[in-house]
Amino acid sequence: MKILVGNWKSNGNMADKNKMIRALERTNTDIKIILSLPYTLLSGNNNKKIAICAQDISEHPNGPFTGDISGQMIKDTGAKYVLIGHSERRTNHQETDKIAKNKAIMAIKNGLIPIICIGETLSEYKSKKTKTIIKKMLLDCTPDSGKFIVAYEPRWAIGTGITATKTDVQTIHQMIFDILKTKGQEKTPILFGGSITAKNVCEFINIPHVDGFIVGGASLKPATFLPIIDQMNKKTSKPKTKVTNHGKQNRKCKKRS
Ligand code: 13P
């Protein structure tokens, strides 16, 4: 089953969330939909088909850590997943691989599934260090046991409108899979992200070991998020979309210009 994560980052209010949930409820799909929401919107989801994800977790358990949100608190909201080490956390809050690993372990301890984000910077990409960097991040951030998801997002592709090439994605996802396999973790889903939209998603759907996507900007509104689901439905083996009238103009997966 393919996975689609919509990462709302620091956006959205209760009305936006309800609108999105209602729109997703009308969409018939086999894709596992996960909404990664701000803490303020985590609770109150009764829809079994749509899973909720937090965007961060405290390294600490409950206790004297003012401002921190613990794993136990996230679990209590009904959320099932938590993003770990997103590049915006790494850049804006100096989160290291060590912190990411501690947070991933904390998530698992609390019955949450961590979605561990890794990705190289533009200068690392330009100096052809991507494979070395990704290998190190993967080994340093992932726990030795427990269920988790890996999300590969080249940092230079996030919010820029520039996506990685198919060849690069194929090479990196294969490498991630091979490394996980050596640790007996080959069942771990591997997601791809960075400027994914309905127009480019089908370039990447059938790449081996691309088990789904993590989407930022295009996940904020049904008009841009649902067409991604439509495209994924069309390209995966059992299409089941009840055709929506969202984003008609986005139906075709256009060739890169
Ligand atoms: P964009 O899809 O806006 O590039 O964001 C990607 C992302 O950061 C998802 O976590």
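Since every read-out is calculated from the coordinates, none of them should be taken as a lab result. These numbers come from a predicted model, not from an experiment. Cβ: placed from backbone, ideal geometry, glycine included. Neighbour counts: every protein chain shown.
For this structure, a couple of remarks:
- Once backbone amide H atoms are built at 1.01 Å from N, I3 has K32, G212, F213 as its partners under 5 Å, excluding neighbours fewer than 5 places away on the same chain.
- Between the residues S10, I207, L83, the greatest Cα displacement towards the positive end of the dipole of the chain, with unit charges on the Cβ of Lys, Arg, Asp and Glu, is found for I207.
- Under a model in which nothing but the beta-carbon of Lys, Arg (+1) and Asp, Glu (-1) is charged, the chain shows a dipole of about 1120 debye around its Cα centre.
- Taking 17 Å as the cut-off, the amide N atoms of segment 1-39 that come nearer than this to a point 7 Å along the Cα-to-beta-carbon line of K80 belong to 1-7, 21-22, 24-37.
- 13 Å reach of a label modelled at N62, 7 Å along Cα-to-Cβ, counting backbone N of segment 72-91: 72-77
- Largest GNM mean-square fluctuation among F225, F148, F65, using the chain with Cα springs under 10 Å: F65.
- Distance violations [Cα-Cα > 32 Å] among K9/K147; K19/K128; K80/K234: K19/K128
- Computed [θ] at 222 nm, deg cm²/dmol, the chain (DSSP H ≥ 4; -39,500 (n - 2.57); rounded to nearest 500): -10500 deg cm²/dmol
- Estimated distance in nm for a label pair at T165 and K235, the labels positioned 7 Å out from Cα along Cα-to-Cβ: 1.8
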